[in-house]
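Read the structure below first, then the notes.
The values are calculated or read from the model by the stated rules, or taken from the named source; none is laboratory data. No experiment lies behind these values; they were computed from the predicted model shown. Positions of Cβ are generated from backbone atoms using ideal geometry, with glycine treated the same way; all protein chains shown enter the neighbour counts. Remember, those area values only see protein heavy atoms, side chains included, never the ligands or the DNA or RNA. Shrake-Rupley method; radii C 1.70, N 1.55, O 1.52, S 1.80 Å.
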Amino acid sequence: MAKNIVVDQGMVVHWSDQHSCLCSKDLSIYRFDYQSKQLKFLCQLPAKDQSLKGQFKYRLARSALVQLLRPSAGIGHLLQLANGDILVVFDRVYLCQNLPQGYQVKVLPSADFGRFATPLRGGLAVHEQSQLVYFGEYLNGHSRDIRIIRVDPQAGTTTCCWQFSRAEIKHVHAIHYDRYRNRLWVLTGDTDQESAFYYSDDEFQTLHKFAGGSQQWRAIALLIYPDAIEWGMDAGQDAAADCINKIYRYHFATAEVTEQAIVGNPVYAAVAQADGAAVMATSFEPKRLQATIPCAELWYRSATGPWHSIAKFEYEKRQRSGVSLYGMVYLPRGELPANQIMATPVNSQTDDYCAMLLQGPFTNN
């Protein structure tokens, strides 16, 4: 039977490997060790305004009373690089350098092309060979072009490396690195015409459209294998009542797409485990037209088994600044150890905004 451990309240999971998980609480970054079950403080993002007034407002916002009365979403995007450094995209781009004396936070210079929109949660990807970080802009209610942003942590630069016209897409959902094909996948949305998978094999010197044209190709989360890719649909509250979300798998050898499971609600996140198993998280959008259950869910499959639901988080809108009204379960990017899942439920009746460790084995509910 699965066992759940609350690691800390007000904490969000971000990135994992087989040994530990990077989490954040407000503007502080922590590492949770899977073996010892201990949290270690790593660093905190500095105040943007370094004046006395700015420092006072920063300390006040970090205080326990303010966080209790008006809790904030905190850091939205971070990942770990191969050398142990941590890249953060928040109000600015930060590099938390892994030095012998501890982590030192460095603010990267502003982009020379002006302000940019931050990605959807989980939208950051690091190219494993070049160690360059990529994300696409996520905007709603706009009419401008959408850019792919490249961050070079070593050079300390932020550049635009690709641009979609508004006629092509509404926004970028996520970028994923594919180590088996040394490829970057770009997932876009939201209408049938805007929903597509693109890929670049040369870090955005060129970009190719792989497939699209329907809600089947509207996705955020992607699992990548030597012979296939697997994703869950992201057909949300703007989709038709009969557009029920499913998990699909594309087989490279046959160019065939096969249905793997019916999950109902949109899939917002996915992560592989070290033993070949995988986890996906569905969200709950209160205004959806589809006849789906009012909760966020975790879906699991073993290396050889079918997908099935292992946890449900009943919906309850919470008052947290900067968080959408959807019910969600945040999952980390990277890789989880076998039989262990780090997650943060959002807008849930229980364990809302808590970093949780779910320990397997995971069986059908």
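Percent of alpha carbon pairs in the chain separated by more than 40 Å?
8 percent
Please compute the contact order of the chain in relative form: average sequence separation of alpha-carbon pairs under 8 Å and at least six residues apart, divided by the residue count, as a percent.
Averaging sequence separation for qualifying contacts and normalising by length gives 15 percent for the chain.
Roughly how much of Trp15 is accessible, in Å² to the nearest 10, using a 1.4 Å probe?
40 Å²
Within straight cross-link reach of Lys48, meaning Cα distance under 17 Å, which aspartates and glutamates are found once same-chain residues fewer than 8 apart are removed?
Of all the aspartates and glutamates, those that pass the test against Lys48 - Cα under 17 Å, at least 8 places apart if same chain - are Asp26, Asp91.
Quick check: residue separation of Asp8 and Cys161 times 0.36 nm, minus the Cα distance between them. What number comes out in nm?
Extra length from Asp8 to Cys161 when fully extended: 51.3 nm.
Along the charge dipole of the chain, Cβ charges K/R +1 and D/E -1, which of Thr292, Ile5, Leu124 sits furthest on the positive end?
Positive-end residue among those listed: Ile5.
Using r as the Cβ-Cβ distance of Ser28 and Lys287, and R0 as 25 Å, what FRET efficiency do you calculate, to the nearest 0.05?
Using R0 = 25 Å, I get an efficiency of 0.15.
Mind giving me the FRET efficiency for Phe41 and Gln18? R0 is 22 Å, r the Cβ-Cβ distance, nearest 0.05 is fine.
FRET efficiency, Phe41 to Gln18: 0.50.
How far, in nm, would the chain grow between Ser51 and Gln131 when pulled straight, counting 0.36 nm per residue and subtracting the alpha carbon separation?
Result: 25.4 nm gained on full extension.
Can you give me the Kirkwood hydrodynamic radius for the range 284-331, using every pair of distinct Cα atoms, in Å to one decimal?
12.4 Å
Over the Cα atoms of the range 1-153, what Rg and Dmax result, in angstrom?
Radius of gyration, then largest Cα-Cα span, for the range 1-153: 16.6, 53 Å.
If I model a spin label as a point 7 Å beyond the Cα along the Cα-Cβ vector, how far apart are those points for Ser110 and Thr206 in nm?
For the pair Ser110/Thr206, the computed spacing is 3.7 nm.
To the nearest 10 square angstrom, what accessible area does Met233 show with a 1.4 Å probe?
10 Å²
Step through the residues of the range 191-207 one at a time and calculate ³J(HN,Hα) from phi using the Karplus curve (6.51 cos²θ - 1.76 cosθ + 1.60, θ = phi - 60°), rounding each to whole Hz and writing x for Gly and Pro.
With the stated coefficients, the range 191-207 comes to 5, 3, 6, 8, 7, 6, 10, 10, 8, 10, 9, 9, 6, 6, 5, 9, 9 Hz.
In the neighborhood of Ala174, defined by Cβ-to-Cβ distances under 10 Å, what is the net charge if each Lys or Arg adds +1 and each Asp or Glu adds -1?
My count for the surroundings of Ala174 gives +1.
Among the listed pairs Lys287/Lys312; Lys40/Lys312; Lys246/Lys287, which are separated by more than 24 Å between their Cα atoms?
Long pairs (Cα-Cα over 24 Å): Lys40/Lys312.
Nearest-5 percent of antiparallel DSSP beta bridges in the chain?
95 percent
Can you run phi through the Karplus equation (6.51, -1.76, 1.60; θ = phi - 60°) for the range 143-151 and list ³J(HN,Hα) in whole Hz, with x for Gly and Pro?
Ordered by residue, 3J(HN,Hα) equals 10, 9, 5, 10, 10, 9, 10, 10, 10 Hz.
Quick check: net charge around Gly334, other residues with Cβ under 13 Å of its Cβ, Lys/Arg +1 and Asp/Glu -1?
0
So how exposed is Asp49, as accessible area in Å² (1.4 Å probe, rounded to 10)?
Rounded to the nearest 10, that gives 80 Å².
With only alpha-carbon atoms in the gyration tensor, what are the semi-axes of the equivalent ellipsoid for the range 113-230, in Å, largest first?
Ellipsoid semi-axes (Å, largest first): 20, 19, 11.
Cut-off 11 Å, label point 7 angstrom out along Cα-to-Cβ of Ala255: give me the residues of the range 183-212 whose amide nitrogen falls inside.
none
Simple spin-label model, 7 Å along Cα-to-Cβ: Arg179 to Ala303 in nm?
Computed distance between label sites Arg179 and Ala303 equals 1.5 nm.
Students often forget the sequence filter, so: which lysines lie under 17 Å Cα-Cα from Lys170 once same-chain residues fewer than 8 apart are removed?
Lys209
Using +1 on the beta carbon of Lys and Arg, -1 on that of Asp and Glu, and nothing else charged, what's the dipole of the chain about the Cα centre, debye to 20?
1240 debye
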